[in-house]
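**Student:** Sharing a structure below in structure tokens format, with a few things to ask.
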Amino acid sequence: MSAADILVIGGGIAGLSAAARLSPHAKVIVLEAEEQIGFHSSGRSATMLHYALGDRLIRELTLASRPFFDDPPEHFDAIGYRMPVLVHARDDERDALDALYADIAPFAKLERLDAAGVHALCPLLRDDARHGIADLDGLRLDPHALLQGNLRQLRSRGGELRTGMRIERIERGVSSWTATSESGERFAAPLLVNAAGAWADRVAALAGLAPLGLEPKRRTIITFDAPAGASLDGLPFTKTVGDELYFAPESGRLFASPMDEVPSDPCDAQPDEYEVALAASRMGERTIVEVRRIHSKWAGLRSFTPDRHPAVGFWPDCDGFFWLAGQGGAGLQTSPAIAEIVESLIAGTPWPVGDVDAAELSPGRFFRQTA
Ligand SMILES: Cc1cc2nc3c(=O)[nH]c(=O)nc-3n(C[C@H](O)[C@H](O)[C@H](O)COP(=O)(O)OP(=O)(O)OC[C@H]3O[C@@H](n4cnc5c(N)ncnc54)[C@H](O)[C@@H]3O)c2cc1C
């Protein structure tokens, strides 16, 4: 039996970033089912930090995370580089763009673009993209560097990662939890952090606790060649104002997503031919790019709570069970602030995000008394 102060179930960005922050305060062991970290959602994302995602709460958490990305701490290599973000609209989508501008303006320095400005920034768009807002200070993140940096920080402080440890049994003792892996290894600690991504409700069930009602939703990405002669230098992450399509340069090619949200069980998500074809056809509708051959494709799960806000905090009426789940489509860009919030709630450090209230994140908002 391995003993620790805190067991973290899940070696994605949520579990590793929280574990790294907790490790100066306690002996932390991260238990990851797969042989490698970031195998599921954290390794399959679009890797952007931008404010056209989510609502005020997500934007506050993103803004609070930004200094970490701009000036990474010790143990982190460069974890991002500048990439402009362009949100564009046709004439009939103008009202939605105005509303989005008002929502984002408190968080980022935005430029409003007319048709000429939109096409100067992204010459690949069709002529009907006549209105735009641009954040020239967007960040493309490097999830590998982010995961490895957190892991190095965790280890430098005495924390441990155990991969290949799929937890299949959780028992609650008088003052501690015991988690047992498929292979029979046992781990004990007074505090259990459930950072199991799409599987977080299943992990709660192993512990005999009620689910939050998490909904994993599949999202698909394809990569393909840019048109011959097109320059990818300076091309922005380019998104329709509605949730229809985004694309961006990717290692000398382009990547695109039809921004699908297909309900899924927790699993090793695979791209479905329908969404792959949808991505290609929407590129044809919104841009001058014809997708002739798909170079690669993948899918991942974005897991949402019923109100689409993360659940971060202790479960009421259950000592030592901490939820860290439901980061939806913003789990990378909010990970530094959320990890600091975890540290504050568990280790008692000062509350780090003034404009966010702990109650907004508390899983207690989903707790139903069954007495
Ligand atoms: C296509 C796509 C695009 C995205 N784009 C962006 C973006 O641009 N910006 C952004 O910020 N975010 C984006 N996201 C969202 C982001 O990837 C997620 O919010 C984030 O990765 C969630 O991290 P996580 O650690 O909770 O989940 P995961 O990375 O899935 O980690 C959970 C881990 O728990 C492990 N686990 C589960 N059950 C057990 C068990 N019983 N025992 C042990 N281990 C277990 C799993 O193996 C898994 O590794 C995107 C996601 C997708 C899919």
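Read-outs throughout are calculated quantities, based only on the coordinates presented, and are distinct from any laboratory measurement. All figures in this text were calculated on a predicted structure; none of them were measured in a lab. Counting neighbours? That spans all protein chains shown, and the Cβs are built from the backbone with ideal geometry, glycine included.
**Student:** Under 14 Å from a point 7 Å along the Cα-to-Cβ line of residue 185: which residues of the stretch 127-168 have their amide N that close?
**Tutor:** Those under the cut-off are 160-168.
**Student:** Which order do peptides 218-224, 149-155 fall in by mean Cβ count within 10 Å, highest first? Mind dumping the intermediate values first?
**Tutor:** Values: 218-224: 23.0, 149-155: 21.3.
Ranked by mean Cβ neighbours within 10 Å, highest first: 218-224, 149-155.
**Student:** Provide the FRET efficiency to the nearest 0.05 for the residue 202-residue 71 pair, computing r from the beta carbons and using R0 = 41 Å. Can you show the working numbers first?
**Tutor:** Values: r = 37 Å, r/R0 = 0.91.
So, using R0 = 41 Å, E works out to roughly 0.65.
**Student:** Same structure again: Using θ = phi - 60° and the Karplus curve 6.51 cos²θ - 1.76 cosθ + 1.60, what whole-Hz ³J(HN,Hα) does each residue of the stretch 266-275 get, with Gly and Pro shown as x?
**Tutor:** x, 5, 7, 5, 10, x, 9, 4, 4, 5
**Student:** Let me ask something else about it. Please get the size of the charge dipole for the stretch 249-363, origin at its Cα centre, with Cβ charges of +1 on Lys and Arg and -1 on Asp and Glu, quoted in debye to the nearest 20.
**Tutor:** Values: 8 positive and 18 negative charges, 143 e Å.
The calculated dipole for the stretch 249-363 is roughly 680 debye.
**Student:** Can you tell me the orientation of helix 94-104 relative to the chain, as the angle in degrees between its alpha-carbon axis and the longest Cα principal axis, to the nearest 10?
**Tutor:** It is inclined by approximately 40 degrees.
**Student:** Based on other C-beta atoms within 10 Å, arrange 140, 94, 172 from fewest to most.
**Tutor:** On the way: 140 19, 94 13, 172 16.
Neighbour counts put them in this order, fewest first: 94, 172, 140.
**Student:** So, one more: Report the FRET efficiency, 1/(1 + (r/R0)^6), for residue 36 and residue 344, where r is their Cβ-Cβ distance and R0 is 22 Å, rounded to 0.05. All intermediate terms of the calculation are to be shown ahead of the outcome.
**Tutor:** Working: r = 30 Å, r/R0 = 1.35.
The computed FRET efficiency comes out at 0.15.
**Student:** When the dipole is taken about the Cα centre of the stretch 63-177, and only Lys, Arg (+1) and Asp, Glu (-1) are charged at their Cβ, what size is it in debye, to the nearest 20?
**Tutor:** Values: 16 positive and 20 negative charges, 157 e Å.
With only Lys, Arg, Asp and Glu charged at Cβ, the dipole is about 760 debye.
**Student:** Sort 207-215, 349-357 by the packing proxy (mean of other Cβ within 10 Å over each peptide's residues), most packed first. Walk me through the intermediate numbers first.
**Tutor:** Details: 207-215: 17.3, 349-357: 13.7.
Highest mean packing first, the order is 207-215, 349-357.
**Student:** How long is the gain from residue 317 to residue 290 if the chain were fully straight, where each residue apart is worth 0.36 nm and the alpha carbon distance is subtracted?
**Tutor:** Values: separation 27, 0.36 × 27 = 9.72 nm, distance 5.59 nm.
The span from residue 317 to residue 290 would gain 4.1 nm if fully extended.
**Student:** Straight-line reach from residue 297: which lysines fall under 24 Å, measuring Cα to Cα and dropping same-chain residues less than 8 apart?
**Tutor:** Cross-link targets: 217, 239.
**Student:** Only loop residues by DSSP count here, and only those with at most 16 other Cβ atoms within 10 Å; note down the trypsin sites (Lys or Arg not before Pro) in the stretch 282-312 that meet that. Show your work: numbers first, answer last.
**Tutor:** Values: sites: 282, 286, 292, 293, 297, 302, 308; in loops: 292, 293, 308.
When the trypsin sites (Lys or Arg not before Pro) of the stretch 282-312 are filtered for loop state and at most 16 Cβ neighbours within 10 Å, 292, 293, 308 remain.
**Student:** Have a look at the DSSP beta bridges in the chain and tell me what percent are antiparallel, nearest 5. Spell out each step's value before the answer.
**Tutor:** Working: 49 of 69 bridges.
Rounded to the nearest five, the antiparallel share is 70 percent.
**Student:** Going by how many other Cβ atoms sit within 10 Å of their own, how do 1, 48 line up, fewest first? Numbers along the way, then the final one.
**Tutor:** Details: 1 8, 48 22.
Least crowded to most crowded, the residues run 1, 48.
**Student:** Another question, then. Normalise the Cα radius of gyration of the chain by 2.2 N^0.38 Å (N = residues in it) and let me know the number. Walk me through the numbers on the way to the answer.
**Tutor:** On the way: Rg = 21.0 Å, N = 371, 2.2 N^0.38 = 20.8 Å.
The chain yields a ratio of 1.01.
**Student:** If one computes the Cα centroid of the stretch 240-260 and of the stretch 1-73, what distance in Å separates the two points?
**Tutor:** 24
**Student:** Grab the other residues whose beta carbon is less than 10 angstrom from that of residue 18, score K and R as +1, D and E as -1, and report the net.
**Tutor:** On the way: positive: 21; negative: 340, 343.
Within the 10 Å Cβ shell, the charges total -1.
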